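To start, the structure under review is shown below, and the notes come after it.
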Amino acid sequence: MQMINDYNGLLIIIPTRNRSDLAINAILSVLNQPNCEEVKVLVSDNSTDTKDIEILYKFCQETRDERLSYIKPPEPLQMSKHWDWAANQAFKKYEINHLSFLTDRMIFKSGQLKELINIVKRYPDYIVSYNHDFIDDYKKPIKLVQSEWSGKLYQVKSIQLLLLSSRASFYGLPKMLNCITPRTILNKISTKFGNTFGSIAPDYNFCYRSLELVDSILHFDKAPILHYAISQSNGASFARGIVSKASSDFLANLGQSDFCSATPIPSIHTVGNAIWHEYCTVKKETSSTKFPDIDMNCYLNYLGSETSKIINPELKAEMQATLSTYGWKPPVESNELKSFTREDLLLMCKKLLSPSIVWNKIIMILITKLFIKSKHAQPLVLFLANNFGIMPPRYIDYYFDFNTLEDAFNYVNKFPKPSYISYDGKSFAVKRLGNDCLDIPL
């Protein structure tokens with residue numbers, strides 16, 4: 001592989017708006033990473049609240065860490081324009097060859113950044129994407145949701161990721177907030193499109209622009225970052241069909257009411273349709289043959305699934321009525337027996353005849369029932385882990401209840417979920433990305 005982006009450090013840009021407390025958590029999660037002294041942090045404060053501005057500026061000044069810098073645009077900007085402004089400031093201020101964004105609702109897990117840096121050092125010309133876990137703190141008790149991971153590194157063709165997007169599968173996509181990107185690719189995007197980030201959603205806009213330019217990316221099948229503060233999430237507000245401070249601010253600064261105008265059904269305002277807006281926008285801008293037409297059946301079913309989760313009953317009924325005019329039909333539960341292929345039956349037999357699979361299933365059922373019925377189960381598991389080094393089983397983390405975010409942070413850092421490869425020898429990532437992705441050395 002020809003290397004034109006020698007690793008000379010990593011710059012992490014943290015864009016924030018009126019969430020100084022969260023931004024501080026994000027900053028510390030980077031600065032406190034062990035063996036990552038070469039990593040720089042650039043905080044770009046797009047806040048309108050005077051108190052938030054004062055708190056964050058004071059924190060950055062008093063931290064007195066030469067790795068940390070604070071900037072603020074001359075005036076508040078719409079999200080994509082802010083990301084683009086911050087990127088341009090970074091290009092002027094630093095000569096670092098690799099950049100990433102970390103939103104203020106995200107933190108790096110303890111000790112996870114060095115692993116990413118080692119990958120970038122070995123493959124400096126590639127975009128390296130990775131997964132993220134999340135803490136569901138929308139209501140009490142707080143839940144920790146950790147994804148399955150293998151720790152493997154895969155090379156994935158951009159045409160495969162675009163095909164999956166057209167079929168409503170968005171796994172593994174590089175969105176700048178979950179990837180490390182060579183500066184040269186960011187420069188190519190800016191040269192071709194006139195800016196690095198544009199349109200409505202800067203993360204997915206970057207994603208589809210970058211996939212149009214590169215032949216493949218690397219996907220690290222692990223979740224080194226964690227996102228939380230769901231009640232302050234703009235996307236979560238749209239997913240529930242409710243108005244929040246974050247979503248109101250987003251729409252007020254958008255400059256247009258219809259932010260899904262490039263999609264087949266612009267009036268459906270969901271997270272999925274916003275993603276497709278960016279897909280369709282870049283497809284139209286580039287006229288690239290790499291972008292398949294959207295699979296309308298997958299499109300309608302995905303939007304239908306999203307609308308089913310909307311809390312507002314009037315909005316939910318309105319959106320589903322709109323989808324029905326395009327041919328969408330609500331799913332109907334059927335009591336008919338599923339037809340099995342020969343491969344299905346062979347796989348079922350393999351499961352039934354595998355002692356390890358059967359034993360693990362029995363343990364999972366017993367522990368699950370224990371957690372559901374006993375309030376002492378979680379303290380017991382944590383006592384054994386803290387005092388005797390007996391790690392909690394990987395499949396019970398969702399049954400844990402946390403009273404505070406700090407408790408959830410401490411748990412995920414102290415007891416990370418172990419890696420997992422399924423009974424058929426495939427990682428979850430391969431099942432989502434397809435068998436064509438190439439397993440490459442770390």
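The values are calculated or read from the model by the stated rules, or taken from the named source; none is laboratory data. What you see is a predicted model, and the numbers here were worked out from it, not measured in a lab. Backbone-built Cβ (ideal geometry, glycine too); neighbour counts: all protein chains shown.
Observations
- For the range 147-197, residues that are surrounded by fewer than 18 Cβ atoms within 10 Å (Cβ to Cβ), in a loop (DSSP other than H, G, I, E, B) and over 15 Å from the mean Cα position of the chain (by Cα) total 3.
- Flag for Lys426 being closer than 19 Å to Pro224 by Cα, surrounded by fewer than 14 Cβ atoms within 10 Å (Cβ to Cβ) and basic (Lys, Arg): no
- In the range 400-442, the residue that is nearest to Gln155 (Cα to Cα) out of those that are part of a loop (DSSP other than H, G, I, E, B) and of a type in the set (Val, Ile, Thr) is Ile421.
- Condition check for Ile142: in contact (Cβ under 8 Å) with a residue 12 or more places away in the chain and farther than 25 Å from Glu306 by Cα: no
- Of all residues in the range 277-303, those that are modelled with pLDDT of 95 or more have Cβ atoms under 6 Å from Cβ atoms of residues that are β-branched (Val, Ile, Thr) and part of a loop (DSSP other than H, G, I, E, B), 6 or more apart or on another chain, in His277/Thr263; Cys280/Thr263; Leu303/Ile268.
- Total residues in the range 1-21, condition under 13 Å from Ser44 (Cα atoms) and either in contact (Cβ under 8 Å) with a residue 40 or more places away in the chain or of a type in the set (D, E, K, R) (or both): 9
Listed here are the residues, each with its yes/no results for (1) β-branched (Val, Ile, Thr); (2) under 20 Å from Phe108 (Cβ atoms); (3) without any contact (Cβ under 8 Å) to a residue 40 or more places away in the chain.
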site: Val39; (1), (2), (3): yes, yes, no
site: Ser44; (1), (2), (3): no, yes, no
site: Asp49; (1), (2), (3): no, no, yes
site: Glu66; (1), (2), (3): no, yes, yes
site: Tyr70; (1), (2), (3): no, yes, yes
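- Selection over the range 283-328 of residues that are outside any loop (DSSP other than H, G, I, E, B) and surrounded by 13 or more Cβ atoms within 10 Å (Cβ to Cβ) gives a count of 22.
- The lone criterion from (1) in contact with a Lys or Arg (Cβ under 9 Å, 6 or more places away or on another chain); (2) under 23 Å from Gly9 (Cα atoms) left unmet by Lys175 is number (1).
- Residue identified as of a type in the set (Val, Ile, Thr) and more than 19 Å from Asp104 (Cα to Cα) among Ile189, Ile200, Ile180: Ile189
- For the range 258-273, taking the residues that are within 22 Å of Ser210 (Cβ to Cβ) and crowded, with 20+ Cβ neighbours inside 10 Å, the one that is modelled with the lowest pLDDT is identified as Phe259.
- Within the range 90-144, strands (runs of 3 or more DSSP E) holding 1 or more residues that are aromatic (Phe, Trp, Tyr), modelled with pLDDT under 95 and closer than 24 Å to Asn18 by Cβ: 128-136
For (1) surrounded by fewer than 23 Cβ atoms within 10 Å (Cβ to Cβ); (2) polar (S, T, N, Q); (3) under 25 Å from the mean Cα position of the chain (by Cα), each residue gets a yes or a no:
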| residue | (1), (2), (3) |
| --- | --- |
| Arg19 | yes, no, yes |
| Asn32 | yes, yes, yes |
| Glu38 | yes, no, yes |
| Val43 | no, no, yes |
| Asp49 | yes, no, no |
| Asp52 | yes, no, no |
| Tyr57 | yes, no, no |
| Cys60 | yes, no, no |
| Thr63 | yes, yes, no |
